[in-house]
Amino acid sequence: MAFIPSIINWLNTKRMTSIDLFKTYPFEVQFETFINLINTAANTTWGKKYNYKNIESIKQYQETVPIGTYTELEPFVERLRKGEQDLLWPGEIKWFAKSSGTTSSKSKFIPVTREALEECHFRGGKDVMTIYSRMKPETKIFAGRGLTLGGSHRINNFSNDSLYGDLSAILIENLPLWAELMKSPRAKIALIEDFEEKMEKIARRTVNQNIRYLAGVPSWFLVLIKYILEYTGARNLLQVWPDLELFCHGGVSFKPYREHYKKLIPSYNMNYLESYNASEGYFGIQDDLDTDDMLLMLDYGIFYEFVKTEDINTEFPVSYTVADVEKGVNYAIVISTNGGLWRYMIGDTITFTHLFPHKFRITGRTKHFINAFGEEIIIENAEKALAIASSKTRALITDYTAGPYFMSATAKGYHEWIIEFEEEPEDLELFVDILDNSLKALNSDYEAKRYKDLTLTKPSVIVAPEGTFYRWLEKKNKLGGQNKVPRLSNDRQYLDELLEFMQ
């Protein structure tokens with residue numbers, strides 16, 4: 001196995017040439033991707049409906065095909081699940097990624113084609129290591145194994161013709177042999193649905209292995225790390241895996257968890273690298289450990305468009321390509337992919353921090369925000385404000401959610417936060433004041449609505465007992481994997497559910 005690092009380094013060098021190409025010529029690479037997608041799907045039911053054979057320009061495509069969501073896709077998914085072919089993409093589609101990005105009981109089933117697996121999801125996983133190796137040429141991660149924590153839903157049958165599960169489960173089922181040899185645990189354990197049983201088996205199997213890197217969602221990995229420390233009696237994770245050097249994370253913002261990980265992995269040599277992978281595709285990878293933005297990956301069989309968030313509810317929103325976007329503008333992402341998604345709005349919002357190469361930060365969701373009073377608070381605002389308040393009051397946050405408390409005839413409105421702390425702030429009132437003032441500094445709309453308490457009064461923070469969010473998700477059968485606590489909501493659904501649960 002000693003020859004593996006040499007082969008990997010050779011392959012990484014070749015791949016970086018392609019990455020450097022799309023960093024220098026982003027629009028040209030994207031236009032080539034666009035033409036390939038249109039030509040490949042021309043004879044599908046969707047391609048014939050929108051006359052793909054006669055589409056020659058992006059402008060023509062935008063004028064012909066409307067922007068849509070899962071609602072427009074769902075009838076095609078129902079037919080694909082029953083075994084029909086050549087509807088959205090040529091050939092048979094047998095895999096469907098069950099998307100559970102929130103605690104909502106409504107599930108989406110995203111088609112996963114062979115091309116999407118090979119050219120997008122697997123390429124993204126390999127590129128994480130390629131990019132990290134360029135940043136850290138002295139890395140030793142290939143001399144050991146990576147511990148991955150995937151989804152909680154194993155593969156299930158829709159029918160004899162199709163199967164579904166978490167994206168991570170689909171990837172595990174289709175992993176090439178070389179990848180299986182470098183990761184832990186084996187598929188049999190990784191696909192266990194019961195999260196607590198999975199943790200016990202992972203701990204038993206991996207504590208004596210040479211684990212060099214971790215990959216997964218920060219919130220759920222934190223639960224696993226604490227379990228492993230309790231299982232082994234170790235004070236920190238380096239006592240279990242002394243050669244640990246990298247955590248590849250994604251799925252939720254890392255800001256609320258960074259201080260937790262620094263305590264549990266006390267090493268200046270530990271690195272944290274973010275990637276942006278969803279059921280619909282693999283979109284971004286952090287390519288500089290000293291910044292918190294990600295490189296938009298432009299050669300994965302995904303054609304990108306971007307709509308300004310203030311325009312997403314208009315009848316005919318204007319969309320922009322990588323040639324037209326600007327820094328600092330909040331955009332909703334629209335994708336056309338080799339998975340058969342066409343002008344599909346995925347629900348995430350980003351802002352570009354750099355152009356040529358195109359780098360971005362995730363700012364939130366098109367549906368996860370608070371704008372009950374015109375304040376337009378997005379997740380990026382919340383994460384930054386919480387980080388400032390936590391730092392100044394020596395607090396550590398485990399989980400949180402927030403939403404509006406609506407005005408009444410006798411009371412003004414405010415934002416209500418339910419926060420679970422690992423370490424509570426030294427002064428909760430000071431924490432609330434700093435949170436409030438930080439939101440004012442970060443968001444001029446919020447600051448305007450808070451002016452002299454005319455529209456909004458100061459936020460309220462309710463401290464949740466330890467383990468509240470974990471037990472709440474457990475009750476909803478949403479432990480592990482891609483399940484996430486909804487951070488912000490424009491109504492009180494999650495707040496009221498949690499308050500009732502806490503009582």
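Filter the cross-link list Lys108/Lys359; Lys23/Lys359; Lys263/Lys392; Lys412/Lys452 down to pairs whose alpha-carbon distance in this structure exceeds 20 Å.
Among Lys108/Lys359; Lys23/Lys359; Lys263/Lys392; Lys412/Lys452, the Cα-Cα distance tops 20 Å for Lys108/Lys359.
In this structure, Leu428 and Lys367 have a Cβ-Cβ separation that, at R0 = 35 Å, corresponds to a calculated FRET efficiency of about 0.70.
Remark: spin-label model distance Asp453-Gln503 equals 2.6 nm, labels positioned 7 Å along the Cα→Cβ axis. Extension gain, Asn174-Lys53: 0.36 nm per intervening residue step, less the Cα-Cα distance, totals 40.3 nm.
Estimated at 0.36 nm per residue, the fully extended path between Asn477 and Met407 surpasses their Cα-Cα distance by 21.8 nm.
Projected label points at Leu289 and Glu118, each 7 Å from Cα along the beta carbon direction, are separated by 3.4 nanometres.
Rounded to 0.05, the FRET efficiency of the Asn313 and Thr13 pair, given R0 = 56 Å and the Cβ-Cβ distance, is 0.75. Two tests apply to each whole DSSP H helix in the chain, Cα reach of 18 Å or more along its axis and mean Kyte-Doolittle hydropathy of at least 0.5, and the ones passing both are 218-232, 428-442.
Using only the Cα atoms of the range 305-396, build the gyration tensor, take square roots of its eigenvalues as a ≥ b ≥ c, and label the shape rounded, prolate or oblate: rounded if a/c is under 1.5, else prolate if a/b is larger than b/c, else oblate.
It is prolate, given that a/c is not under 1.5 and a/b is the larger ratio.
Spin-label model, Tyr227/Thr24: points 7 Å from Cα along the beta carbon direction are separated by 4.7 nm. Peptides 341-347, 243-249, 286-292 ranked from most to least packed by the mean count of surrounding Cβ atoms within 10 Å: 341-347, 243-249, 286-292. Computed over the chain, the per-residue total of -39500 (n - 2.57) for DSSP H runs of n ≥ 4 gives a 222 nm mean residue ellipticity of -10500 deg cm²/dmol, rounded to 500. For the range 465-485, there are no residues whose amide N sits under 12 Å from a probe point set 7 Å from the Cα of Asp496 along the beta carbon direction.
Peptide packing: for 171-179, 376-384, the average count of neighbouring Cβ atoms within 10 Å per residue gives the ranking 376-384, 171-179, highest mean first. Once Cα extents along the principal axes in Å is calculated for the structure shown, the corresponding label among (1) 83, 43, 43; (2) 191, 76, 39; (3) 62, 57, 45 turns out to be (3). With all pairs of separate Cα atoms included, the range 369-502 yields a Kirkwood hydrodynamic radius of 15.2 Å.
Sorted by mean Cβ packing within 10 Å, highest first, what order do the peptides 420-426, 397-403 take?
397-403, 420-426
Fully extending the segment from Arg205 to Asn269, taken as 0.36 nm per residue of separation minus the present Cα-Cα distance, adds 20.5 nm.
Laboratory data are not the source of any read-out in this text; all were calculated from the coordinates shown. Worth saying up front: this structure is predicted, and the values here are computed from it rather than measured. Backbone-built Cβ (ideal geometry, glycine too); neighbour counts: all protein chains shown.
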